[in-house]
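Report on the following structure.
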Amino acid sequence: MRIALCTDSFLPIIDGVGRVCHEYATRLPKRGHECYVITPMQATGFRGNFPFEIVDFAGVKTPLASQYKSGVATMDPHYLERISHIRPDIIHAHTPGPAGMEAIRLAEKWGVPLIGTFHSKYYDDFRRYTKSELLSNIGVRLVVNFFERCDEVWTVSWNAAETLRSYGYMGAIKLFRNGCSLRQPDPSFEKAAREKYRLSDAPILLYAGQIDRKKNLGRIIETASVLRKKGREFQLVFAGKGADEEALREYAKEKDAGEIVFTGHISDVSLLDGLYMAASLFIFPSLYDTAGLVIGEAAVMGTPSVVVRTSAPAEVIKNGHNGFIAIDQPNSIAEAIEKYLFTMSEEERQQIRKNAREEIPLGWDAIMDEVESRYKKLARCP
């Protein structure tokens, strides 16, 4: 098959949607398919050694989120010339934005099936950037209109499906979860991470992802403050970068949350794996995420997570069995942490780590089996 993937975030963007699209684009060619990524231009220069082709259109910085690019594909003559020579069998849009609009145009032009995956809580983003309920509701209506024009709609969790329903979408929805790269923990990675970030032997509480207040990171600081007041010894590590790092540092001082290690962006996968291995618990209180790739990544390294009730990441957690589910309150999250670190026996902790590693991660190969089968059926390919 010839497959077109449309996304507004891609290399070198490292957000969840961009990473998922990259996994699709990397793995589908290994199954014998041609894969093209249609996206706003993020960077120029050498782009070799990819098993897929990037067909990008002129992009400009998005005013309210400067790390992202936007654009109108039909206004880029070079892009139009390139895309005119590519007629895919199926188009899969991972965004309702500019790349999604181009997906609709191409699907209608060529008469091929269009899949749309709902990845994000768009109302939250619109409200944060516009500060207007009216504009946010208009934005959500446009999102729903996009998915209503797709031949099939996928979500990455039931939580995401419920969110799309709350926006007003009434059509059918299929669940296609995100996967993980399954690999064995390497003790040398943990050693390197401990040395690089000068970590002690105290229990490590780790967060990895964007340093963005939409991830409910203030709750981690508040939880750390509760633990410190109880005299609990631990280390708090934030792995990632984002616009709210300085504000988070100030909030930590205000709440007397103790010393925090901010690693910045980590591009070395082995180093991030080392942090997952070193961590006693992965703390992920986000109510924004519709999946939480990092929950699976932590579990691959045998690290259980603490998440909050009603969140999408909580869908894969069995409380006290392969992780912990708390109420979205610092005392509740702190109680879960204390139970694991200071009440349970080492044997019980090892069993939870084993359960997390065996039950939570879904390998990308298994996901791609389902994706490929569905693509073929929709495109009527043998």
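Details
- Entry remark, segment 197-212: residues being touching a helix residue (DSSP H, G or I) at 6+ places or on another chain (Cβ under 7 Å) and either free of Cβ contacts under 8 Å to residues at least 24 places away in the same chain or farther than 18 Å from residue 297 by Cβ (or both) number 2 in total.
- Checked against (1) at pLDDT below 85; (2) closer than 28 Å to residue 130 by Cβ; (3) more than 24 Å from the chain's Cα centre (by Cα), residue 75 passes all but a single condition, namely (1).
- The residue that is most open to solvent (accessible area, probe 1.4 Å), counting only those in segment 217-231 that are under 12 Å from residue 337 (Cβ atoms) and of a type in the set (A, V, I, L, M, F, W, C), is 226.
- Hits in segment 224-242 (condition: more than 15 Å from residue 330 (Cα to Cα) and either among the basic types (Lys, Arg) or touching a residue at least 12 places away in the same chain (Cβ under 8 Å) (or both)): 233, 234, 235, 237, 238, 239, 240, 241, 242
- Residue selected from segment 315-347 under the condition in contact with a strand residue (DSSP E or B) (Cβ under 6 Å, 6 or more places away or on another chain) and assigned to a loop (DSSP other than H, G, I, E, B), by the criterion most open to solvent (accessible area, probe 1.4 Å): 328
- Residue in segment 286-295 that is part of a helix (DSSP H, G or I), in contact (Cβ under 8 Å) with a residue 40 or more places away in the chain and surrounded by fewer than 24 Cβ atoms within 10 Å (Cβ to Cβ) present: yes
- Inter-residue pairs, beta-carbon under 7 Å, first at pLDDT 95 or above and in segment 18-34, second open to solvent by 20 Å² or more (accessible area, probe 1.4 Å) and of a type in the set (Lys, Arg), 6+ apart: 34/2
- Qualifying helices (runs of 4 or more DSSP H) (wholly inside segment 188-283; at least 3 residues being among the aliphatic types (A, V, I, L, M) and closer than 21 Å to residue 307 by Cβ): 217-229, 269-278
- Close pairs (7 angstrom Cβ cut-off, 6 or more residues apart or separate chains): closer than 16 Å to residue 214 by Cβ in segment 243-254, in a loop (DSSP other than H, G, I, E, B) anywhere: 243/212; 244/211; 244/212; 245/211; 248/211
- Pairs linking a residue in segment 127-141 that is within 14 Å of residue 214 (Cβ to Cβ) to a residue that is open to solvent by 80 Å² or more (accessible area, probe 1.4 Å) and not in a helix (DSSP H, G or I), with Cβ atoms under 6 Å and 6 or more positions apart or on different chains, are 129/64.
Yes/no matrix, rows are residues, columns are (1) touching an Asp or Glu at 6+ places or on another chain (Cβ under 7 Å); (2) farther than 15 Å from residue 283 by Cα:
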| position | (1), (2) |
| --- | --- |
| 196 | no, yes |
| 199 | no, yes |
| 206 | no, no |
| 212 | yes, no |
| 236 | no, no |
| 244 | yes, yes |
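- Hits in segment 302-314 (condition: open to solvent by less than 10 Å² (accessible area, probe 1.4 Å) and either part of a loop (DSSP other than H, G, I, E, B) or among the β-branched types (Val, Ile, Thr) (or both)): 302, 303, 304, 306, 307, 308, 311, 312
- Residue match in segment 258-270 (condition: open to solvent by less than 20 Å² (accessible area, probe 1.4 Å) and under 30 Å from residue 175 (Cα atoms)): no
The values are calculated or read from the model by the stated rules, or taken from the named source; none is laboratory data. The model shown is predicted, which means the values in this text are computed figures rather than measured ones. Here the Cβ is made from the backbone with ideal geometry for all residues, glycine too, and neighbour counts use every protein chain on show. Areas reflect the complete protein model, heavy atoms only, side chains present, ligands, DNA and RNA absent. Shrake-Rupley method; radii C 1.70, N 1.55, O 1.52, S 1.80 Å.
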